[in-house]
Amino acid sequence: MKETRDKRQELGDRGNEQRDQNREHCILSLYSYISRMKKSSHALYITPLCGYCHWVISAIEQLRLDVEIRDITTNRDDLEDLYRARQRTTVPVLRISSEEEDQWMPESRDIVAYLQTLVT
């Protein structure tokens, strides 16, 4: 009887150790994610008359995200940055900047799907 109790205690201790390791891994992953998010920034390149741009802006507002809006019709530097990166000036395009590199995401549906992953 005592041997069975000792076995259960030993198995319980191993389970607790595993649970603690999993918890520690989750916490480290969360800190890593938060750290990456702090180092990245988002800018949406738009034109005022673009319906797809307005749809993405609406999603940004609903999700309450901090995304810089860059109107390429009023800022020549933004227009040139967009053209230099993509060899075209179609909008909307989301620029995702991090310490490592800039990524450019076209297509309004892809942009909104990506932005939704930032809040879930």
Fully extended contour minus Cα-Cα distance, from Thr117 to Thr74, at 0.36 nm per residue: 12.5 nm
Could you give me the ³J(HN,Hα) list for segment 61-72, computed from phi with Karplus coefficients 6.51, -1.76, 1.60 and θ = phi - 60°, whole Hz, x at Gly and Pro? 5, 5, 7, 6, 9, 9, 10, 6, 9, 10, 7, 6
Volume per residue, Å³, of the convex hull around the alpha-carbon atoms of segment 40-117? 86
Hey, can you grab everything whose amide H is under 5 Å from the amide H of Ile69? Only 5+ residues off in sequence or another chain; H modelled, so Pro and N-termini drop out. Leu44
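Each reported figure results from applying straightforward, stated rules to the coordinates on display, with no laboratory input. All of these numbers come straight from a predicted model, not from anything done at the bench.
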